[in-house]
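Q: Before I ask anything, let me first share the structure, which is written out below as structure tokens.
The values are calculated or read from the model by the stated rules, or taken from the named source; none is laboratory data. Remember, it's a predicted structure, so these values are computed and weren't measured experimentally. Cβ sites come from the backbone with ideal geometry, for glycine too, and all protein chains shown count toward neighbours.
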Amino acid sequence: MKVGLFIPCYIDQFYPQVAVATLQLLEKLGVDVDYPLQQTCCGQPMANSGFSHYTQGCDSLFVKNFTGYDYIVAPSGSCVLHIKDHLHDDKNQAAADQIRSRIYELCEFLTDVLQVKELQASFPHKVGFHVSCHGQRGLHLSQMSELNAEDFSKPGFLLSLVKDIELVQLNRKDECCGFGGTFCVSEEAVSVKMGKDRVQDHLEHGADYITGGDVSCLMHMEGILKRQKSGVKVLHIAEILNGQL
Amino acid sequence: MSSSTYIAPTDHAKAADKFMEDEERVNWHDKALWFIREKRDVASKQLPEWELLRETASQIKQNVLANLDTYLEQFEQNAKQNGITVHWAADAAEHNRIVLDIINKHGIQKLVKSKSMLTEECHLNDYLADNGIDVVDTDLGERVVQLAQEPPSHIVLPCIHKRKEEVGELFHKHLGTEKGASDPAYLTEAARQHLREKFLTSDLAITGVNFAIAETGGFVVCTNEGNADMGAHLAKVHIACMGIEKIIPKAENLSVFLRLLARSATGQPITTYSSHFHRPRPDQEMHIVLVDNGRSIQLGRKDFYNSLKCIRCGACINTCPVYRRSGGHSYHYAISGPIGAILAPNMDMKKNADLPFASTLCGSCTNVCPVKIDIHNQLYQWRQIIAKEGYVPATKAQGMKVMANVMANPTLFRVAGKSGRFMMRLAPGLASIKAVNPWAKQRDMPEAPKESFRDWYIKNKKKS
């Protein structure tokens, strides 16, 4: 099995440790991982702003970089959802469609493809799990509180394999943090208020760490925590599952 | 009474900024609406068949929209046979004219009106006020915002943005209640007495329509206060105003929609009153106005037509994390929240270009929708159209063009990333200048690492 590792642009630039943890975790689980060096971005920032007509270059580059892998895996529900829903290449739509059907968010790849049942990781801390909307409502990584349907959580299952971790319950288990791509600056006031409220829920329940599957949400909440001079830290779920902290 | 003193803000983000000035009030507003969302969750989870009901409702409406002309004509024929006068209005202006003509024909000066989002959409109150007609909204929340000379901020809970103390002040001024009184029971009783006099002295009642049934020619009006009934039963003339999408094929379909409507709206099993009107009383005149006002255009939009399935329950509004923190008036359209944001651009794309962007695309709206409208996908689709039409700020369009070019070119991306991280390490204060960088106004920037993942990978992992 050959896996193409897709590292979203802002993780590559600002949170390389998340990418390193993802790579190490996959390799520890026996996966043959390749990182295409010419990758950039999934195109979501433009598309969600209404400029999907500007993303042809980005899309073609993505297709070029990720054609031929058995699976493509990324530590981001949001970017994976965007590729799954929107990757398009006029010159090679068949390749684009194949990528769309083979791309996985890290947690679902671990639970659904690798069917991981145990992990060598320990994290003796109180942790709040932030459910990111695109991973949950888009990729169905966990059950949505709005639906009358059976509860489940793929990232929740993986965290349950981590030794000594204590997950805190939240008042609103799947409310949006307000990051929202360019929304975070174009609607700055609402975005920050949503983030403050989300962070507060974790703080009230005694979390020492906030983790989740999307660095974008975590970066937003980290920015708020730091401005509040809070000691609470954010970590991507890959960093906890990798067990090298 | 006219609501013309109210000037709607024209940009969602600016209006939200203003709403946010009183954070304690935002917290209260958020909690009030979240409480209703939670009641909705509890109610919906008491029905094992909830998701099947949603799917059934969605499919019934799918059939309606695919055969709208047939059902409307069937409805017209049956309603006429029942003795109801049926009018067709192509747009808001025609609707308002039809209503005024009926009023004038009877020489009526004042009337009562129960809740109708269609008449809000058509700005009927303003139009009638300009023509010397005294309209009294009889839904308690509607009456509150009418006295405050504001439009409703929510389709089901029109004055949800007002605290009871503010309602007390309004009632003190207009209804003569005691100064400083804010007890809801006391204020509600005062409103009842005030409205009772209006009901008893009005010769004409306007109501909305929740469902019009093609096979019977009858219609159903749902309220919690019984005010539609009080108005219609006491008046010599009853005018019911409805958007053409309110049609359902059969009376039996009500068993699906009535179960969904109130549970989705407020968490009640059913509205207190679900009143079925079929024909006028012997001494009464009954009119129904079927209004298009942009609906045919929306029906022709492949990506957006199913927004017409909406039964106006407000569940998407209650769950919307943006709405709860920006308030209904920030949407500057008769229908606020996510559903308003996908309906408004159809009416005026330029004026409402900001609304589809007033969302994080979190998708909660889609999940609570009782007729399964893919609201967040439609928000995304409207963004594409609005950007192509050029209704976004030029600076944003230019920025996106630059970004698209950088992201399509790995070398450019690396240079930009490297210099960006270098600058952030060299002068971290620069990126925190709040005037240039809205991110940094209330959030710290991430710390820039020395190397990107790609740099690390080449150094540590790359197989030669």
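Q: Could you identify the single residue in B:GLY420, B:GLY390 that is within 9 Å of chain A (Cβ to nearest Cβ) and surrounded by fewer than 15 Cβ atoms within 10 Å (Cβ to Cβ)?
A: Checking each option against the conditions leaves just B:GLY420.
Q: Filter the range A:134-169 down to residues that are assigned to a loop (DSSP other than H, G, I, E, B), within 23 Å of A:VAL113 (Cα to Cα) and of a type in the set (S, T, N, Q), then give me how many there are.
A: 1
Q: A further question on this structure: Out of B:LEU65, B:LEU47, B:LEU53, I need the residue that is hydrophobic (A, V, I, L, M, F, W, C), crowded, with 17+ Cβ neighbours inside 10 Å and within 14 Å of chain A (Cβ to nearest Cβ). Which one?
A: Every option except B:LEU53 fails the conditions.
Q: For the range B:171-190, what are the residues that are crowded, with 21+ Cβ neighbours inside 10 Å and either outside any loop (DSSP other than H, G, I, E, B) or of a type in the set (D, E, K, R) (or both)?
A: Residues satisfying the conditions are B:PHE171, B:LEU187.
Q: Tell me, please, whether a residue that is over 34 Å from the mean Cα position of the chain (by Cα), in a helix (DSSP H, G or I) and either closer than 30 Å to A:ALA21 by Cβ or outside the structural domain of B:PHE357 (by TED's automatic domain parsing) (or both) can be found in the range B:382-401.
A: no
Q: Based on what the data block shows, is B:VAL144 in a helix (DSSP H, G or I), touching a helix residue (DSSP H, G or I) at 6+ places or on another chain (Cβ under 6 Å) and touching a residue at least 12 places away in the same chain (Cβ under 8 Å)?
A: Yes; evaluated as a whole, the condition is true for this residue.
Q: Return the residue satisfying two criteria in turn: it lies in the range A:49-74 and is surrounded by 22 or more Cβ atoms within 10 Å (Cβ to Cβ) and under 17 Å from the mean Cα position of the chain (by Cα), and of such residues it is nearest to the other protein chains (Cβ to nearest Cβ).
A: Ranking the candidates gives A:ALA74 first.
Q: Hey, another quick one. Taking A:GLY138 as meeting all but one of (1) more than 30 Å from B:LEU52 (Cα to Cα); (2) of a type outside the set (S, T, N, Q); (3) surrounded by fewer than 23 Cβ atoms within 10 Å (Cβ to Cβ), write down the number of the exception.
A: It fails just one condition, (1).
Q: If I ask for residues that are in a loop (DSSP other than H, G, I, E, B) and under 21 Å from B:LYS31 (Cα atoms), which ones from the range B:148-170 would you list?
A: Matches in the range B:148-170: B:PRO152, B:SER153, B:HIS154, B:ILE155, B:VAL156, B:LEU157, B:PRO158, B:CYS159, B:ILE160, B:HIS161, B:LYS162, B:ARG163.
Q: Based on this model, can you work out whether A:PHE6 counts as buried (at least 24 other Cβ atoms within 10 Å of the Cβ), more than 10 Å from chain B (Cβ to nearest Cβ) and of a type in the set (A, V, I, L, M, F, W, C)?
A: Answer is yes for this residue.
Q: Output the number of residues of the range A:24-48 satisfying the condition of being in contact (Cβ under 8 Å) with a residue 12 or more places away in the chain, hydrophobic (A, V, I, L, M, F, W, C) and facing chain B (nearest Cβ under 7 Å).
A: 2
Q: How many residues are hydrophobic (A, V, I, L, M, F, W, C) and either touching a Leu at 6+ places or on another chain (Cβ under 6 Å) or within 21 Å of A:LEU25 (Cβ to Cβ) (or both) when one looks only at the range A:62-76?
A: Number satisfying all stated conditions: 4.
Q: Would you confirm, using the coordinates I've provided, whether B:HIS154 is in contact with a Lys or Arg (Cβ under 9 Å, 6 or more places away or on another chain) and modelled with pLDDT of 95 or more?
A: no
Q: Output the qualifying pairs, or none if there are none: Cβ atoms under 8 angstrom, residues six or more apart or on different chains, first residue in the range B:433-446 and of a type in the set (A, V, I, L, M), second residue modelled with pLDDT under 85.
A: Partner pairs satisfying both residue conditions: B:ALA440/B:ALA431; B:ALA440/B:SER432; B:ALA440/B:ILE433; B:ALA440/B:LYS434; B:MET445/B:MET424; B:MET445/B:PRO428; B:MET445/B:ALA431; B:MET445/B:SER432.
Q: Out of the residues in the range A:1-13 that are of a type in the set (A, V, I, L, M, F, W, C) and in contact with a Ser or Thr (Cβ under 9 Å, 6 or more places away or on another chain), which is farthest from A:ILE240 (Cα to Cα)?
A: A:CYS9
Q: Using the structure shown, decide if B:ALA448 is part of a loop (DSSP other than H, G, I, E, B), within 8 Å of chain A (Cβ to nearest Cβ) and not β-branched (Val, Ile, Thr).
A: Taking the combined requirement at face value, the residue satisfies it.
Q: Something else: For the range A:20-31, state whether one or more residues are closer than 30 Å to B:GLY399 by Cα and over 17 Å from the mean Cα position of the chain (by Cα).
A: Within the range A:20-31, not a single residue is closer than 30 Å to B:GLY399 by Cα and over 17 Å from the mean Cα position of the chain (by Cα).
Q: Something else about it: Looking at this structure, is A:GLN169 over 14 Å from the mean Cα position of the chain (by Cα) and more than 7 Å from chain B (Cβ to nearest Cβ)?
A: Details: over 14 Å from the mean Cα position of the chain (by Cα): yes; more than 7 Å from chain B (Cβ to nearest Cβ): yes.
Judged against the criteria, A:GLN169 is a match.
Q: Tally up the residues in the range A:120-156 that are away from every other protein chain (no Cβ under 14 Å) and more than 28 Å from B:LEU47 (Cβ to Cβ), please.
A: Going residue by residue through the range A:120-156, those that are away from every other protein chain (no Cβ under 14 Å) are A:120-129, A:152-156.
After this cut, where a residue has to be more than 28 Å from B:LEU47 (Cβ to Cβ) as well, the list is A:120-129, A:155.
Number of matching residues: 11.
Q: In this structure, does B:SER330 turn out to be more than 8 Å from every other protein chain (Cβ to nearest Cβ) and buried (at least 24 other Cβ atoms within 10 Å of the Cβ)?
A: So B:SER330 passes the test.
Q: Still on this structure, please answer the following. Take the residues in the range B:423-445 that are at the interface with another protein chain (Cβ under 9 Å from one of its Cβ atoms) and not in a helix (DSSP H, G or I), then tell me which one is surrounded by the most Cβ atoms within 10 Å (Cβ to Cβ).
A: That would be B:ARG443.
Q: If you check B:ILE239, B:ILE247, B:ILE270, which single one turns out to be more than 21 Å from B:ASN227 (Cα to Cα) and among the β-branched types (Val, Ile, Thr)?
A: B:ILE247
Q: Name, by its number, the condition in (1) more than 14 Å from chain A (Cβ to nearest Cβ); (2) touching a Leu at 6+ places or on another chain (Cβ under 8 Å); (3) of a type in the set (Gly, Ala, Ser) that does not hold for B:ALA341.
A: (1) is the only condition that B:ALA341 fails.
Q: Another question, then. Report every pair of residues separated by at least 6 positions or lying on different chains whose Cβ atoms are under 6 Å apart, first residue within the range B:344-363 and at the interface with chain A (Cβ under 7 Å from one of its Cβ atoms) and touching a residue at least 40 places away in the same chain (Cβ under 8 Å), second in a loop (DSSP other than H, G, I, E, B) and not polar (S, T, N, Q).
A: B:CYS362/A:CYS176
Q: Do you know which of the residues in the range A:178-212 that are part of a loop (DSSP other than H, G, I, E, B) and more than 28 Å from B:ALA13 (Cα to Cα) is nearest to the other protein chains (Cβ to nearest Cβ)?
A: A:HIS205
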